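Input: a single structure, listed below in structure tokens.
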Amino acid sequence: TALSQAGGVTLQITRGTVALNPDGSNVAEIYIHPTNNISQPSANTAVLLAYDCGPEGTTFNPPVVLSIHYEQLPEGVNENSLYLALWNGTEWIQLESEIDTQSKTASASVHHFSQYALIMPTKSVEIVPTTPTNNNAQTTAVSTATTFNWVIITIVIVTLLAGLLFIVLFVRKKKRNN
């Protein structure tokens, strides 16, 4: 068994595994790179980490085990609900995945190289109040996706305001110098 670790990804290749390029020639070199150039999965899920594995289309016989290490998860995400997925060019395909909560890795057998991602659910998390405010205590739903969107919106607004402040200060300084 050969293990190769590339920035949080481990590829386990057993002795005797044949790796072929799409044209049928032997693979001389492989790569695994983190990527942000991804398509988001279906509603109620999000890509946590993604990697381009290549050369794309490289096949393995027998399959190899791809493991992705994760650190902290967003609040409310259950580690056991994570899974690895394969991008088939149009959608993410869920792979039968094994989650190791001790080592914080998600693993799956892969037959070929493509783009792979660690997917997490973003479904609403139910929070039940401990002290009801009325006799008809209701459950409140908080969406982690909505919270994430507000974080992004806040970052964009702060960045725009900082840019505007920079422009105003630059124009004032230029006027003083003239």
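The values are calculated or read from the model by the stated rules, or taken from the named source; none is laboratory data. Just so you know, these numbers come straight off a predicted model, no measurement behind them. All Cβ positions, glycine included, derive from the backbone under ideal geometry; neighbour counts span all protein chains shown. All accessible areas refer to the heavy atoms of the entire protein, side chains included, with ligands and DNA or RNA removed. Shrake-Rupley method; radii C 1.70, N 1.55, O 1.52, S 1.80 Å.
The table below lists the values:
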| item | result |
| --- | --- |
| Out of 9, 18, sole residue that is in contact (Cβ under 8 Å) with a residue 40 or more places away in the chain and within 18 Å of the chain's Cα centre (by Cα) | 9 |
| Qualifying residue in region 78-97 (condition: in contact (Cβ under 8 Å) with a residue 60 or more places away in the chain and surrounded by 17 or more Cβ atoms within 10 Å (Cβ to Cβ)) | no |
| Which numbered condition residue 137 fails, given (1) at pLDDT 75 or above; (2) in contact with a Pro (Cβ under 7 Å, 6 or more places away or on another chain) | (1) |
| Hits in region 57-72 (condition: under 13 Å from the mean Cα position of the chain (by Cα) and surrounded by fewer than 16 Cβ atoms within 10 Å (Cβ to Cβ)) | 71, 72 |
| Answer residue from region 40-56, given it is assigned to a loop (DSSP other than H, G, I, E, B) and open to solvent by 50 Å² or more (accessible area, probe 1.4 Å) and is modelled with the highest pLDDT among those | 56 |
